[in-house]
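S.K.: Before anything else, here's the structure in question.
The values are calculated or read from the model by the stated rules, or taken from the named source; none is laboratory data. On a predicted model such as this, the values are computed, not experimentally measured, just so you know. Virtual Cβ from ideal backbone geometry, glycine too; neighbours counted across all protein chains shown.
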Amino acid sequence: MDKTEKGKTFRRRDFLRSALVSLVSLAAPAVLGAREQMKRLQSWIIGEDYDPFQHNWGMAIDINKCIGCGRCVQACKTENAVPDSPCYFRTWVERYHIFEDGSVEVDSPNGAIAGFNREAKFDQNVMRSFFVPKLCNQCDNPPCVQVCPVGATFKTPDGVVLIDPDYCIGCGYCIQACPYGARFINPETHTVDKCTFCYHRLAKGLAPACVEACPTQARIFGEVDQKSSPLLRFKRMNKVGVLKPALNTEPKVYYANLDMEVN
Amino acid sequence: METPDARLTQLLSEIGGYIYPNEIEIHWGLLIVIYPYITGLVAGAFILASLVKVFNVKQLQPVYRMALLTALAFLLVATMPLLAHLGHPERSYEIFFTPNTTSAMAMFGFVYAWYLMAVLLLEIWFDYRKDLVVWASQEKGPRKWIHRLLSLFSRDISPRAVAFDAKMEKAITILGIPSAFLLHGYVGFIFGSIKANPWWSSVLMPIVFLFSAIVSGIALVLIIYMIVTPLRKKELDQDCLYTLANFLFYAMIVDFSIEILDFIHRIYESEESIHILAQLVSGRLFFSLVVMQLLMGMVLPLFMIAGVKLFNAPFELRKLIYFLAAILVQVGIFATRWNVVVGGQLFSKSFRGLTVFKMSFLGMEGLLMGIFLLMLPLLILFVLFKLLPPWEDARSG
């Protein structure tokens with residue numbers, strides 16, 4: 001390789017290098033600024049009065065207070081236009097019977113939208129019995145968000161897991177990944193659907209429909225980590241647990257008086 | 001309240017125990033069974049082909065090109081079951097444009113594109129290039145132009161150029177083996193990484209997928225070779241057939257061992273999910289898992305292949321036994337995919353009940369569509385055989 005050729009190669013390499021550096025430095029402020037912009041954009045989309053960065057929502061459920069009336073299920077279906085079939089629920093209520101021999105029977109007829117049949121007869125004595133309302137656990141470490149191939153399901157700054165129905169491709173991977181059975185394919189939109197904590201209501205300063213409808217205040221809604229929140233107060237007064245803690249999903253739906261048989 | 005339709009009533013009546021209400025319908029059906037089955041065949045056929053180029057298994061030379069074209073034919077179809085299954089197939093391009101980096105599934109497009117473009121098409125092109133040039137020079141009409149187009153209008157068949165082809169081919173094959181492992185191991189990871197599902201969540205899943213892929217790929221090439229050769233009125237190469245059967249046998253032994261290891265491990269650890277899984281295996285999956293996958297698809301063909309070798313059976317009998325064994329293996333591997341995909345959704349994540357899978361006949365995810373998707377690669381393969389004859393005697397010397 002003679003000198004001129006060598007010099008030429010170096011010049012070209014230098015040129016490419018400086019071009020790359022200048023391109024990166026041009027783009028850097030845009031990339032760094034994008035985060036701030038996104039925050040502003042998100043706040044703007046949701047509404048002037050609601051700043052998602054100021055909240056972190058969670059729910060507590062007092063199992064001892066639930067009477068299995070199914071009003072929450074009804075309220076949810078109405079509020080969120082959930083399809084009226086027995087296989088689509090954003091929230092549902094389970095009834096547990098634990099018998100003297102240790103066997104367990106669980107049911108949730110049509111998600112308990114019309115409550116439960118009281119005339120159930122059993123061969124043996126019931127040791128304990130209770131109702132467990134279920135919904136999306138709005139996990140802090142959500143497996144559904146991890147697996148969504150296009151990022152259509154995401155965690156909002158205020159800790160709610162949402163789905164963008166205009167973006168979801170309907171692959172169903174998130175349904176497989178959810179340990180709680182909280183997700184379903186909406187037969188009308190062919191996209192995935194689940195509880196949003198009634199995000200449209202949160203943005204207006206209202207509580208979720210199920211919380212409002214509960215006649216016994218078994219569902220407590222509020223900020224996870226603000227001192228004045230009813231949720232934090234509830235967590236101070238009760239021993240609480242979460243569903244399937246071993247999976248490390250870090251749910252933000254907390255249960256007081258949770259039985260070992262519930263999963 | 002709307003009264004549930006007849007289908008739903010029937011579904012509800014067949015559910016055993018308690019399942020979450022959203023779990024009544026199974027979301028991944030026949031098409032998602034077909035997808036790993038097809039990618040498995042692709043990876044397996046490619047790995048078989050690479051035995052010739054990388055590991056110098058000369059006996060397999062007669063099926064080398066056949067294996068490559070088989071891999072290509074099935075790979076071209078591999079995306080179709082996925083697309084047909086999506087709720088919004090028209091948005092599928094989002095997987096390419098805005099992939100979620102934490103999603104195992106988001107990598108699909110890239111793994112697939114890499115395998116098709118950088119491995120399979122390139123390898124086939126380099127392998128056929130010289131023949132394409134020679135064929136085109138001797139042919140007339142549309143065939144000449146098709147071959148010229150396929151050779152990308154290259155004309156150089158000097159020894160130097162041909163040597164370069166061979167060098168590139170070897171390099172691509174070496175790159176292709178980890179790529180084939182990636183292609184199918186990755187499909188296993190899609191299932192194996194779901195911690196919510198104890199039937200899937202296993203670190204062995206990608207490895208089980210991989211070895212069952214190799215098993216199914218070898219068996220498929222064996223079947224195709226045994227059907228196509230008599231149709232061409234040629235003799236089967238005895239050495240080649242024996243070597244195929246040997247490799248099939250070894251791959252099956254490894255596959256079987258890993259599956260049994262997984263099984264023993266589960267029983268021994270006896271975690272929370274063991275009761276519902278035991279119920280699943282002894283009930284709704286008994287036929288497809290124990291009878292079809294294990295006995296018919298694994299144990300019986302293993303004994304058949306070992307038997308003819310042990311008793312030194314004559315060639316004619318061996319041919320018959322190998323053919324039957326390979327067919328059984330295909331059925332068994334299809335059952336394996338079924339048991340993973342459908343089996344993993346038959347039990348509730350509450351671990352308290354089992355649901356049922358009702359396959360429709362018509363419709364995007366029905367049986368008819370499934371049969372079509374399994375036949376389509378064979379049709380593509382037929383066309384490929386016509387365009388790019390893979391036979392040794394078709395080589396341009």
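S.K.: Could you tell me whether any residue of the range A:180-196 is under 16 Å from the mean Cα position of the chain (by Cα), away from every other protein chain (no Cβ under 14 Å) and not acidic (Asp, Glu)?
M.R.: Yes.
S.K.: Which of the residues spanning the range A:232-249 are part of a loop (DSSP other than H, G, I, E, B) and either facing another protein chain (nearest Cβ under 9 Å) or over 20 Å from the mean Cα position of the chain (by Cα) (or both)?
M.R.: A:Asn238, A:Lys239, A:Lys244, A:Asn248, A:Thr249
S.K.: Show me the helices (runs of 4 or more DSSP H) entirely contained within the range B:1-87 in which 2 or more residues are among the aromatic types (Phe, Trp, Tyr), surrounded by 24 or more Cβ atoms within 10 Å (Cβ to Cβ) and away from every other protein chain (no Cβ under 14 Å).
M.R.: B:30-53
S.K.: Moving on to the next point. What about B:Leu48, is it farther than 30 Å from B:Met168 by Cβ, under 17 Å from the mean Cα position of the chain (by Cα) and of a type in the set (A, V, I, L, M, F, W, C)?
M.R.: So B:Leu48 fails the test.
S.K.: Let me ask you something else. Select from the range B:12-23 the residues that are among the hydrophobic types (A, V, I, L, M, F, W, C) and over 20 Å from A:Gly172 (Cα atoms) and write down the one among them that is modelled with the highest pLDDT.
M.R.: Ranking the candidates gives B:Ile15 first.
S.K.: Go over the candidates B:Leu368, B:Leu362, B:Leu379 one by one and state the one that is surrounded by fewer than 19 Cβ atoms within 10 Å (Cβ to Cβ), under 30 Å from B:Val134 (Cα atoms), of a type outside the set (Lys, Arg) and without any contact (Cβ under 8 Å) to a residue 40 or more places away in the chain.
M.R.: B:Leu379
S.K.: Specify which of the listed residues (B:Ile223, B:Ile174, B:Ile218) is under 27 Å from B:Val63 (Cβ atoms), in contact with a helix residue (DSSP H, G or I) (Cβ under 7 Å, 6 or more places away or on another chain), among the aliphatic types (A, V, I, L, M) and surrounded by fewer than 20 Cβ atoms within 10 Å (Cβ to Cβ).
M.R.: B:Ile223
S.K.: Run B:Val203 past the list (1) farther than 13 Å from B:Leu48 by Cβ; (2) β-branched (Val, Ile, Thr); (3) in a helix (DSSP H, G or I) and report the number of the one that doesn't hold.
M.R.: (3)
S.K.: Now, a different point. If you go through the range A:202-222 one residue at a time, how many are charged (D, E, K, R) and modelled with pLDDT under 95?
M.R.: Of the residues in the range A:202-222, 1 are charged (D, E, K, R) and modelled with pLDDT under 95.
S.K.: Kindly indicate whether any position in the range B:155-168 is surrounded by 18 or more Cβ atoms within 10 Å (Cβ to Cβ), among the hydrophobic types (A, V, I, L, M, F, W, C), assigned to a helix (DSSP H, G or I) and in contact with a Ser or Thr (Cβ under 9 Å, 6 or more places away or on another chain).
M.R.: Looking through the range B:155-168, none of the residues is surrounded by 18 or more Cβ atoms within 10 Å (Cβ to Cβ), among the hydrophobic types (A, V, I, L, M, F, W, C), assigned to a helix (DSSP H, G or I) and in contact with a Ser or Thr (Cβ under 9 Å, 6 or more places away or on another chain).
S.K.: Scan the range A:119-161 for residues that are at the interface with chain B (Cβ under 10 Å from one of its Cβ atoms) and either part of a loop (DSSP other than H, G, I, E, B) or small (Gly, Ala, Ser) (or both) and report the count.
M.R.: Within the range A:119-161, residues that are at the interface with chain B (Cβ under 10 Å from one of its Cβ atoms) and either part of a loop (DSSP other than H, G, I, E, B) or small (Gly, Ala, Ser) (or both) number 5.
S.K.: Okay, moving on. Specify which of the listed residues (A:Ile98, A:Ile61) is crowded, with 20+ Cβ neighbours inside 10 Å and either modelled with pLDDT under 95 or hydrophobic (A, V, I, L, M, F, W, C) (or both).
M.R.: A:Ile61
S.K.: With respect to B:Tyr128, is the statement that it is within 14 Å of chain A (Cβ to nearest Cβ), part of a helix (DSSP H, G or I) and farther than 21 Å from A:Asp164 by Cα true?
M.R.: No, not satisfied.
S.K.: Those residues that are of a type in the set (S, T, N, Q), in contact (Cβ under 8 Å) with a residue 12 or more places away in the chain and out of contact with any strand residue (DSSP E or B) (no Cβ under 7 Å at 6 or more places or on another chain), I need them from the range A:104-124; list them, please.
M.R.: Correct list: A:Asn110 only.
S.K.: How about the range B:280-397: which helices (runs of 4 or more DSSP H) wholly inside it have at least 1 residues that are in contact with a Pro (Cβ under 9 Å, 6 or more places away or on another chain) and under 30 Å from B:His147 (Cα atoms)?
M.R.: Result: B:367-387.
S.K.: Can B:Asp255 be described as of a type in the set (D, E, K, R) and surrounded by 21 or more Cβ atoms within 10 Å (Cβ to Cβ)?
M.R.: yes
S.K.: Sticking with this one: Applying the selection to the range A:157-180, what residues are in contact with a helix residue (DSSP H, G or I) (Cβ under 6 Å, 6 or more places away or on another chain), without any contact (Cβ under 8 Å) to a residue 24 or more places away in the chain and within 21 Å of A:Cys139 (Cα to Cα)?
M.R.: Residues satisfying the conditions do not exist here.
S.K.: Return yes when B:Phe97 is over 30 Å from B:Tyr250 (Cα atoms) and either within 14 Å of chain A (Cβ to nearest Cβ) or in contact with a strand residue (DSSP E or B) (Cβ under 6 Å, 6 or more places away or on another chain) (or both) and no when it is not.
M.R.: yes
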